[in-house]
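Novice: Structure provided below as structure tokens; questions to follow.
The numbers here are math on the coordinates, done by the rules we state, and not lab data. These numbers were taken from a predicted model, which means no experiment stands behind them.
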Amino acid sequence: MSQLPQTQNRRAVLGGLSSIAALSLAGCATFPAFTLEDAVRRLLFLSTDRAFSRLLQPGGFWDSQVARLALPDVIGNRGGIMQRILTGPIFRDRLQRAFNDMAYDAAERAAPAVTDAVRTIGIRNAMALLRGSDPMAATNFLHQEMGTSLIEIMVPEFGDALRVSREPLVGEVLSAMTGVDVGGIANSLAFEADNAIFRAIGREEAAIRADPRSTNDPVLMGAFGIK
């Protein structure tokens, strides 16, 4: 993907997320008597917006302590075959970085699905999600509700990226891995990316909980006991 279309697409995705977040905040200011369910939804909207704002930057996955994708087990456990290709840490890092770069397009496809889920899911036990001890409770609930839907969305993106990758190591590894098809590796990468995305959302949720006042959101501040 060229840099200009990539930047434009990222702006479109983030613009959509931010618009939803802004509308939610405006609604909070106009109608302050929101329910706890509304507060959970607002928390998830803002956490998701912030997470994807970070991930959909150049190096967003690779540079993140919580979102960096590891080499899939199907590659890391191949023993001698991989040792002959990945002769040192530099080569392993090159391959791992190539996979993390592929996660950009996959996450771009995933972002609207997460936003739609936040908008439409039924929220149970809102009090427990807000007042419990888990700083990522709402994110974990969202992940559970979405199940494997993001993986299913991202597998085709990873599959296409693997087939057209310009990183020579990717082609060399795929050629050497008899018995493992592109679909299997794409599925492994999508599974990793799914967990990475929700870890990133969870980190943002925890940060909001730690400092609700920084959101300038009366509903979130009220939900977390800030006057």
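Novice: With a/c under 1.5 counting as rounded, go ahead and sort the range 34-185 into rounded, prolate or oblate using the C-alpha gyration tensor (a ≥ b ≥ c being the square roots of the eigenvalues; past the cut-off, prolate if a/b is larger than b/c, else oblate). Walk me through the numbers on the way to the answer.
Specialist: Details: a/c = 2.55, a/b = 2.45, b/c = 1.04.
In terms of gyration-tensor shape, prolate.
Novice: Work out Dmax and Rg for the range 99-227 from the C-alpha atoms and quote the Rg first, both in angstrom.
Specialist: Here Rg and the maximum Cα pair distance are 18.4, 62 Å.
Novice: What are the ³J(HN,Hα) values, in whole Hz, obtained from phi via the Karplus relation 6.51 cos²θ - 1.76 cosθ + 1.60 with θ = phi - 60°, for each residue of the range 44-57 in sequence order, with x given for Gly and Pro?
Specialist: 6, 4, 5, 5, 5, 4, 5, 5, 5, 4, 7, 5, 8, 10
Novice: Okay, next question. Per residue of the range 117-130, what does 6.51 cos²θ - 1.76 cosθ + 1.60 with θ = phi - 60° give for ³J(HN,Hα)? Whole Hz please, x for Gly and Pro, Karplus curve as stated.
Specialist: 5, 4, 5, 10, 5, x, 9, 9, 6, 4, 4, 5, 5, 7
Novice: Here's a follow-up. I need the per residue convex hull volume for the range 95-159, using only the alpha carbons, in cubic angstrom as a whole number.
Specialist: Values: hull volume 6.2 nm³, N = 65.
It comes to 95 Å³ per residue, whole-number rounded.
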